[in-house]
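These notes concern the structure reproduced below.
The values are calculated or read from the model by the stated rules, or taken from the named source; none is laboratory data. For clarity, every value in this text was computed on a predicted model and none was experimentally measured. Heads up, the Cβs are rebuilt from the backbone with ideal geometry, glycines too, and the neighbour counts pull from every protein chain shown. Only protein heavy atoms, including side chains, enter the accessible area calculation; ligands, DNA and RNA are left aside. Shrake-Rupley method; radii C 1.70, N 1.55, O 1.52, S 1.80 Å.
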Amino acid sequence: MAISPVLFIGLICLAGGGSLFPAVEAIWLTVPTSGERCVYEDIQANVVVVLDYICIDEAFTQLGPTLDVRVTSPYGKELYKIANVTHGQAAFTTSESGTFLACLAMHHDQSHHSVNNSVIVSLDWKMGIRAKDWDSVAKKEKIEASPSFPIHIYGVELEIRKSTEYASAIRANILYLRIREAYMREINEKTNQRVAQLALMSFGVAFGVSIIQVWHLKRFFLKKKLL
Amino acid sequence: MERRQAKIHVFVLIGLILLNSINQISSLSVTVNDEECVQEYVLYEGDTVSGNFVVVDHDIFWGSDHPGLDFTVTSPAGNIVQTLKGTSGDKFEFKAPRSGMYKFCFHNPYSTPETVSFYIHVGHIPNEHDLAKDEHLDPVNVKIAELREALESVVAEQKYLKARDTRHRHTNESTRKRVILYTVGEYIFLAAASGLQVLYIRKLFSKSVAYNRV
């Protein structure tokens with residue numbers, strides 16, 4: 001199945017993007033023949049995550065060697081594990097917040113495929129609002145759209161709806177960042193107070209220890225009848 | 001003080017309510033041992049590639065500045081489009097001279113593995129050439145694309161801020177731990193030093209060792 005490389009990549013990008021303008025967020029990673037390539041992602045709880053991956057050989061002409069993929073939660077629980085596939089999709093909802101790990105490794109006994117000891121894999125994480133299935137929203141809305149609207153205006157309406165939702169999501173993000181910053185500022189102020197308190201206490205400890213020292217030596221010398 | 005506490009509690013409450021509805025801010029993180037590369041495909045020539053990366057601190061012991069990583073962007077033709085040396089986090093943006101697979105590489109000159117959290121975005125705005133080619137595209141699509149790109153730039157900035165915030169948080173936690181540990185160690189050392197002093201002086205005055213020396 002040898003297609004023009006550019007066309008192939010373009011098709012993949014369009015399939016992944018699914019919008020009027022193929023804005024691609026997929027990262028292409030090289031996976032070595034032996035060992036795993038892992039990427040981390042810091043995600044909150046209760047977020048829908050969709051992970052698309054597809055493996056292509058070095059010449060960009062066809063689907064390449066098969067992969068083993070696994071996705072682990074921050075506490076080590078295996079959320080998705082599959083072996084010996086060339087492409088697929090992992091979808092899950094996160095139950096706790098933390099660093100999630102996605103690891104890709106080449107399936108063993110594929111050595112006859114690899115050219116330069118590595119293959120290229122496209123990895124696309126889509127989370128929260130980006131995982132929203134706009135096609136189904138478009139289909140649903142089409143029934144309710146006014147029949148007097150010409151078709152190309154309808155496409156524009158969907159794009160504007162997307163942008164509106166992105167904008168409100170951005171605003172929610174900013175509030176979240178502000179909360180985190182307030183929490184961190186509180187910790188900083190506490191540390192500042194703690195430093196002052198501990199410095200004072202250190203002065204007190206030094207003073208107390210030297211008083212005990214002098215008292216003990218005085219008692220010792222009196223006992224020895226030297227003083 | 002009480003009012004500020006209450007305000008912070010209100011913020012936390014709002015945050016917890018909003019947590020279910022937020023757009024996910026996230027940046028991909030990779031651990032760089034020596035050199036790690038990520039590739040991104042640029043479909044059209046003239047696209048703006050923008051992004052940022054932040055090195056999340058591992059425990060730095062003495063120096064106050066992070067040694068930093070080297071960041072290089074290589075075009076599909078093989079020439080280097082952009083280089084940033086010895087930074088611990090930066091934003092970058094460039095116009096792609098041609099379409100193809102661009103390589104973004106992080107190089108770690110030191111032996112300790114570092115974790116980098118990065119975000120790359122390729123943005124395309126259709127121009128008159130695309131409008132002429134495709135009859136389904138309207139001039140209004142250009143405006144929508146510009147709107148989308150503006151929103152994406154805000155999202156990129158947020159991811160950068162969040163990554164820096166995470167790093168800041170690591171530094172804070174490390175500071176807190178250090179303050180407590182070093183102070184308690186200091187107290188113990190002080191008490192031990194004075195105890196040893198007392199013992200030594202007692203030994204000097206004991207009968208078995210040259211009583212008349214002192």
Once the other residues with Cβ under 13 Å from the Cβ of A:Thr191 are scored (Lys, Arg +1; Asp, Glu -1), what is the net sum?
-> +4
Within the stretch B:113-177: Cβ-based charge dipole about Cα centre, in debye rounded to nearest 20 (Lys, Arg +1; Asp, Glu -1) = 820 debye
Report, ordered by chain and residue number, the lysines lying within cross-link reach of B:Lys177, taken as a straight Cα distance under 17 Å and ignoring same-chain residues fewer than 8 apart.
-> A:Lys190
Give me the lysines in straight-line cross-link reach of A:Lys139: C-alpha distance below 16 Å, same-chain residues under 8 apart excluded.
-> A:Lys162
The correct ranking of B:Leu84, A:Leu79 by accessible area at 1.4 Å, largest first, is A:Leu79, B:Leu84
Once A:Trp28, A:Trp125, A:Trp215 are ranked on solvent-accessible area with the largest value leading and a 1.4 Å probe, the list reads A:Trp215, A:Trp125, A:Trp28
Relative contact order %, the stretch B:27-213, counting alpha carbon pairs below 8 Å whose residues are six or more apart = 28 percent
Percent accessible area from carbon and sulfur atoms, the stretch B:27-213, protein chains only, probe 1.4 Å | 56 percent
Can you list the residues, at least 5 places off or on another chain, whose amide H is less than 5 Å from the amide H of A:Thr66, using H built in the peptide plane?
-> A:His107
Taking A:His107, A:His87, B:His121, B:His129 and ranking on accessible area (1.4 Å, protein atoms only), highest first, one gets B:His129, A:His87, A:His107, B:His121
For the stretch B:108-145, which chymotrypsin sites (Phe, Trp or Tyr not before Pro) are both in a DSSP coil and crowded by at most 10 other Cβ atoms within 10 Å?
-> B:Tyr110
Shielding score for A:174-185, defined as the mean number of other chain Cβ atoms within 10 Å | 6
For the stretch B:27-213, the per residue accessible area (1.4 Å probe, Å²) is 55 Å²
Taking Lys and Arg as +1 and Asp and Glu as -1, residues besides B:Ala77 with C-beta under 13 Å from its C-beta add up to +1
Ignoring ligands, DNA and RNA and using a 1.4 Å probe, state the total buried accessible area between A and B in Å², rounded to the nearest 100.
-> 6800 Å²
Return the residues of the stretch B:139-156 for which accessible area with all protein chains present is lower than in the chain on its own by 50 Å² or more; set the probe to 1.4 Å and exclude ligands, DNA and RNA.
-> B:Ile144, B:Arg148, B:Leu151
